[in-house]
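Structure first, then comments.
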Amino acid sequence: MYAIVEIGGHQFKVSPEQEIFVNRLADKKGAAVEFKTVLLIDNDGEIKLGAPYVEGAVVKATVLCDECKADKVLVFKKKRRKGYKKLNGHRQYLTKLQINEIC
């Protein structure tokens, strides 16, 4: 069983007991969250497709970590023959979720 759910403007394929990283949410560690923007549910070949969302479908999750950081992304800028070099690093904050149930 899996579902495609929209969280923070991104679509994720989730199944029960799966852990995913999403863009930072306002919920704190240990909080239970529900997502009602379910686009598709597949239950062993029985597919429910929403237009745009499946009516009455809910994905329930628990926040495992609310201040995780992604891998560092290095941004390097250079202008040739000018002696200009610039290196910037960035680490995006993420929220780690554990999917508990797809209803």
When the range 66-89 is checked residue by residue, the ones that are surrounded by 10 or more Cβ atoms within 10 Å (Cβ to Cβ) and assigned to a strand (DSSP E or B) are 66, 67, 68, 69, 73, 78
Considering the range 93-103, residues that are of a type outside the set (Ser, Thr, Tyr) and in contact (Cβ under 8 Å) with a residue 60 or more places away in the chain, and then whichever is most open to solvent (accessible area, probe 1.4 Å), we arrive at 101
Checked 51, 61 against criteria (of a type outside the set (Lys, Arg) and either modelled with pLDDT of 95 or more or open to solvent by less than 80 Å² (accessible area, probe 1.4 Å) (or both)); the one match is 61
* Evaluate the range 5-15: report whether one residue or more is touching a residue at least 12 places away in the same chain (Cβ under 8 Å) and among the basic types (Lys, Arg). => no
inquiry  = Quick check on the range 42-53. Is at least one of its residues out of contact with any Leu (no Cβ under 6 Å at 6 or more places or on another chain) and either within 11 Å of residue 95 (Cα to Cα) or in contact (Cβ under 8 Å) with a residue 60 or more places away in the chain (or both)?
reply    = no
- Within the range 7-20, is there a residue that is open to solvent by 100 Å² or more (accessible area, probe 1.4 Å), of a type in the set (S, T, N, Q) and at pLDDT 95 or above? yes
Of the residues in the range 36-65, those that are more than 19 Å from residue 100 (Cα to Cα) and part of a strand (DSSP E or B) number 4
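The values are calculated or read from the model by the stated rules, or taken from the named source; none is laboratory data. Owing to the predicted nature of the structure, the values given are computational and were not obtained by experimental measurement. Cβ sites come from the backbone with ideal geometry, for glycine too, and all protein chains shown count toward neighbours. Calculation scope for accessible area: heavy atoms of the full protein, side chains included, ligands and nucleic acids excluded. Shrake-Rupley method; radii C 1.70, N 1.55, O 1.52, S 1.80 Å.
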